[in-house]
Structures are given as structure tokens and as C-alpha cells.
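See below for the structure under consideration.
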């Protein structure tokens, strides 16, 4: 059995877990998240803790029990605290704007790029920073990665979109020979 899944997961106050045969729902202060389940894992939920066990001893069932334990911990963290990713944009004329349910990006192309904001994600734009928040860790990370992939930071001038804590390795340009 997975070492992560051996430990019972303690539920904080205000969080409830509902287990159905094919789905797991976590409800908390910030909302609720539902995840589909495979039949190889058995989840026992009480008021204070959740125990995850494989239904049979196999490599995949053991691996899935640890995976679902990690997913459940992320779901609990999401409905209690939420998740946040910050992106910075650098470059002359590069900017973000939120128009309803879309993010409009001016990132050096001949046209503006519009990206739809997924349901459950909130986007706040400051001068050159974008903050993406939500309760689903995967959705927040995926949306931030999709925005970043539109214009990755180039190594010579540092123009593009990057995470706040991302370190960009800069390259030295060509030297003029005398």
C-alpha cells in the first residue's frame, strides 16, 4: 500500500467529504470540488478523517490509493484556502486585460489574443501582473500554464510571460568583432 495513503487524512473544521461509488465530493468554505473515482480504491469517510485503501493488492491499485490521497489533500486545501498563481508580463507594449469571461493579451503579435477563463477561476490584473485564483489546483495551474505558453520568456531581452518565482536564464548577445 502507498505510504501516503496509509496515513488517515484529517478533515479541518467546516469541511465535509461525500463518497459515492464513482465520485468524491469535498465541500468547504470556498465551494465544492468533485472528482471521479476508479473502482480500484475504497474510501472510508467519517466526520473527522478519511481513510483510503486499495480494494485489492496490485501495483496499480496501490499507486492509485496514493494518487487519490494526494488529490484529496489538494481538494481539502482548495476548499479551505484556495490556490493562486501569479504571472508577470515584460516587454514594450505587452499588457493584459480582463473582458468579462476572457483574458485579452497584447503580446507582440499582429493581433490580440483572447483566452476564455474557465468556470471556477478568478483572474485579477494589475499593472504588469496577473493573479489567477481558484479552488481546483489542477485547473489553476493548467490555466496559468496555458497563458504562459502563449509567449514564453525569450532569453536575450527577457520579454514574455513568466511566473513570479520563475528564474529566467539570460544569454549574452553576439559581440561585434573589431
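Looking only at residues in segment 1-11 that are touching a strand residue (DSSP E or B) at 6+ places or on another chain (Cβ under 6 Å) and not in a loop (DSSP other than H, G, I, E, B), which one is farthest from residue 75 (Cα to Cα)?
The residue in question is 5.
Mind checking which residues of segment 121-134 are closer than 21 Å to residue 100 by Cβ and in contact with a strand residue (DSSP E or B) (Cβ under 6 Å, 6 or more places away or on another chain)?
121, 122, 123, 124, 125, 129, 130, 131, 132, 133, 134
State all residues of segment 46-65 that are under 25 Å from the mean Cα position of the chain (by Cα) and closer than 20 Å to residue 12 by Cα; if no residue qualifies, say none.
Scanning segment 46-65 gives 49, 50, 51, 52.
If you go through segment 54-77 one residue at a time, do you hit one that is part of a strand (DSSP E or B), under 19 Å from residue 20 (Cβ atoms) and either assigned by TED's automatic domain parsing to the domain that holds residue 20 or at pLDDT below 90 (or both)? Let's see the steps before the verdict.
Filtering segment 54-77 down to residues part of a strand (DSSP E or B) leaves 54.
Checking the rest, the ones that are also under 19 Å from residue 20 (Cβ atoms) come to 54.
Going one step further and asking which of them are either assigned by TED's automatic domain parsing to the domain that holds residue 20 or at pLDDT below 90 (or both), we end up with 54.
Looking for residues that are part of a strand (DSSP E or B), under 19 Å from residue 20 (Cβ atoms) and either assigned by TED's automatic domain parsing to the domain that holds residue 20 or at pLDDT below 90 (or both), one finds at least one in segment 54-77, hence yes.
Among the candidates 91, 82, 100, which residue alone is loosely packed, with under 14 Cβ neighbours inside 10 Å and either at positive phi or in contact (Cβ under 8 Å) with a residue 40 or more places away in the chain (or both)? Give the steps one after another, and end with the answer.
On the way: 91 fails: loosely packed, with under 14 Cβ neighbours inside 10 Å; 82 fails: loosely packed, with under 14 Cβ neighbours inside 10 Å.
Exactly one of 91, 82, 100 is loosely packed, with under 14 Cβ neighbours inside 10 Å and either at positive phi or in contact (Cβ under 8 Å) with a residue 40 or more places away in the chain (or both), namely 100.
For segment 90-112, which residues satisfy the criterion of being part of a strand (DSSP E or B), under 17 Å from residue 163 (Cα atoms) and over 19 Å from the mean Cα position of the chain (by Cα)? Break it down into steps so the answer makes sense when it comes.
First pass over segment 90-112, keeping only residues part of a strand (DSSP E or B): 90, 95-99, 102-106.
Imposing the further condition that a residue be under 17 Å from residue 163 (Cα atoms) reduces the set to 90, 95-96, 103, 105.
Correct list: 90, 95, 96, 105.
Taking segment 120-136 only, how many residues are closer than 21 Å to residue 78 by Cα and outside any strand (DSSP E or B)?
So the first thing to find is which residues in segment 120-136 are closer than 21 Å to residue 78 by Cα, and the list is 120-124, 130-136.
With the extra rule that they be outside any strand (DSSP E or B), the set shrinks to 120, 135-136.
Within segment 120-136, residues that are closer than 21 Å to residue 78 by Cα and outside any strand (DSSP E or B) number 3.
The values are calculated or read from the model by the stated rules, or taken from the named source; none is laboratory data. Quick caveat, the model's predicted, so the values are computed rather than measured. When we count neighbours, we look across all protein chains shown, and the Cβ atoms used for this are built from the backbone with ideal geometry, even at glycine.
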